[in-house]
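Enquirer: Here's a structure for you.
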Amino acid sequence: KISSSFWDYSNSALRTDKNDVLICSLCKFWVMTTSGIAWIPQMLGKSGVAVNLIPFTPELLWHYPKGTVVLPKTILNKRGLPVSLEEVASQEPVNHDEIKFINKYFMKEGLSFKDNTENEIFEAVKEYYQVQILKSKKLEIDIQYKFWKKLYPKIALDLADRVIISPSYLRSNSLMYK
């Protein structure tokens, strides 16, 4: 149990394949990495919060249901400084294969990555909940468009309305998308 409102199913005695599918079919939204069980609610058209995302390419992002909030991993160069997402996006596409991406790009360039912090995940979930569930806050499309235009100018408008980069992540990692 994490708090009175949340509980860690992944480490509970109730975890079974059948319960995995049941919970995914009943959930309002999900908070997960990009592997395993994460595909079930997505196949059911449920948006959520994707954390620790890498690689960060349209090929990987198109399968997410509209309204999904994405938190990319922070990518660091050999000196431990953030690498711009433009540089990451300019690498040869490897579709959904994280291992190929790491071998072709990270190993070659000597890069490392840092997982999202608890605070980044909390802020992204809060933003998702306010915009998608409570509808108490509007999505700042202009910020999303500005971000996507730097990475993928030809499809920026489509991406800005479909895949939401956590606004708090964008604000705190502005060096990654100069």
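Enquirer: For the stretch 87-97, indicate whether the set of residues that are at pLDDT 85 or above and surrounded by 10 or more Cβ atoms within 10 Å (Cβ to Cβ) is non-empty.
Expert: no
Enquirer: Looking only at the stretch 159-176, which residues are open to solvent by 90 Å² or more (accessible area, probe 1.4 Å) and farther than 12 Å from LEU85 by Cβ?
Expert: ARG171
Enquirer: I'd like the residue in the stretch 46-64 that is modelled with pLDDT of 90 or more and outside any strand (DSSP E or B) and, out of all such residues, is farthest from LYS135 (Cα to Cα).
Expert: LYS46
The values are calculated or read from the model by the stated rules, or taken from the named source; none is laboratory data. Keep in mind it's a predicted model, so treat the numbers as computed, not measured. Positions of Cβ are backbone-derived with ideal geometry, glycine not excepted, and every protein chain shown enters the neighbour counts. When the accessible area is computed, the model is the full protein with side chains, heavy atoms only, and any ligands, DNA or RNA have been set aside. Shrake-Rupley method; radii C 1.70, N 1.55, O 1.52, S 1.80 Å.
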